[in-house]
Amino acid sequence: MDDVKFFQNWNIEFAARLPLTPSGSPNRSVSRFVAQDRDGRKYIAEGFELRKKSRQIAQNRMLEHLQHRGLAGVFPYLRTSDQAPGVTAEGCFWQLRLWQEADTAAALHRREPEKFAGLCAAFLLKLREISLQTTLPPPPNEKFSFGQYLLKLSGFAARKMAFLQPELQEICAGLDRFLNRETSLPAMFAHGDFHPGNILIRNGGIAAVIDWEFTGWKHPGYDLALLLGCLGRDEVSWLTGAAGAALQDQLYRAGYMPDEAWEQLTELMAAIRLGWLGEWIDLGEKELALQELNFIRFLLD
């Protein structure tokens with residue numbers, strides 16, 4: 001790809017590609033790289049499969065809306081000089097976003113867990129406020145169904161790791177009550193992948209929240225359950241200690257979600273971990289799959 005011509009789509013004077021690795025999952029795009037313009041500003045260019053173009057455009061409309069409504073830490077992809085959401089080149093749909101500086105060794109959730117909890121609570125409450133007070137653009141994804149996913153996961157596991165079937169059936173039984181009530185509560189707008197790796201920290205605050213690929217309407221409390229599950233998987237004291245309690249207390253006092261959703265929170269955490277289980281099965285990581293099963297059982301117990 002001719003980098004100079006590529007960046008001209010945004011009226012940017014390309015200077016060089018940089019040997020930097022963007023935060024977030026590399027699996028979201030086909031290709032990505034970091035570049036710098038002649039004024040020293042840095043950008044992340046990401047190329048997506050053409051079949052994802054409409055979803056990427058819908059996602060960016062959502063991010064533009066959230067930024068316009070004052071959600072700090074949201075940085076949509078830049079529109080081109082003719083206001084297009086991206087460009088097609090080399091068989092991909094390319095989008096460009098600003099590079100966000102972050103502390104390389106922040107680990108705020110380990111170093112100052114209660115401070116991290118407060119930052120996350122404030123972000124989730126603002127996201128909730130915007131979703132309730134404004135008409136959001138159509139989300140890029142349909143509401144996620146755990147019941148449908150579990151059916152797919154069972155078939156997938158039977159083909160790739162059949163020895164997990166007894167444990168998976170036990171988990172299904174443990175989640176039966178949750179799955180039967182899954183659609184009983186109104187959906188809640190969510191980031192969809194709200195974990196520490198997607199929360200960039202700078203100078204003790206949230207610099208950016210990235211990787212909005214799974215954003216949309218989900219089970220109430222989805223972001224909170226996903227965050228707690230990821231933190232608890234890394235350090236169980238996040239589920240049993242002061243930081244996790246402070247995060248939940250701040251959200252509860254603010255009326256973050258209905259009481260029934262709070263009652264389902266632990267089961268929701270367990271259901272969300274099934275996504276990680278599916279990933280370990282897909283990658284053939286037997287030990288990680290077994291560890292994930294043990295963590296899910298711990299949550300359900």
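The values are calculated or read from the model by the stated rules, or taken from the named source; none is laboratory data. Everything numeric in this text was worked out from a predicted model, so none of it was measured. As a convention, Cβ positions derive from the backbone with ideal geometry for all residues, glycine included, and neighbour counts pool all protein chains shown. These area figures cover heavy atoms from the full protein model, side chains too; ligands, DNA and RNA do not enter into them. Shrake-Rupley method; radii C 1.70, N 1.55, O 1.52, S 1.80 Å.
Taking every protein chain into account, the accessible area of the stretch 23-116 amounts to 51 square angstrom per residue (probe 1.4 Å).
Here the chain has 49 percent of its accessible surface on carbon and sulfur atoms, given a 1.4 Å probe and all protein chains in place. Here's the list of lysines a cross-link from Lys152 could span, going by alpha-carbon distance under 29 Å and ignoring same-chain residues fewer than 8 apart: Lys52, Lys53, Lys143, Lys160, Lys218, Lys286.
Accessible surface for the stretch 147-210, divided over its residues, is 47 Å² per residue with a 1.4 Å probe.
Counting only alpha carbon atoms, the long axis of helix 242-253 and the longest principal axis of the chain meet at about 80°. Rounded to the nearest 20 debye, the dipole magnitude of the stretch 1-96 is 380 debye, with +1 charges on Lys and Arg beta carbons, -1 on Asp and Glu beta carbons, and the Cα centre as origin. Kindly express, to the nearest 10 degrees and within the range 0 to 90, the angle between helix 265-283's C-alpha long axis and the longest C-alpha principal axis of the chain. The two axes meet at around 60 degrees. Relative to the longest principal axis of the Cα atoms of the chain, the long axis of helix 53-68 lies at roughly 90 degrees.
Cα centroid separation, the stretch 1-66 to the stretch 214-278: 32 Å. In a fully extended conformation the segment linking Tyr149 and Asn203 would gain 15.5 nm over its present Cα-Cα distance, using 0.36 nm per residue. Amide H contacts of Gly204: none lie under 5 Å away among residues 5 or more positions distant or on a separate chain (H built 1.01 Å from N in the peptide plane; Pro and chain starts excluded).
Residue ranges 184-196, 213-225, 146-158 sort as 213-225, 184-196, 146-158 when ordered by packing (mean number of other C-beta atoms within 10 Å per residue, highest first). Once backbone amide H atoms are built at 1.01 Å from N, Leu20 has Val34 as its partners under 5 Å, excluding neighbours fewer than 5 places away on the same chain.
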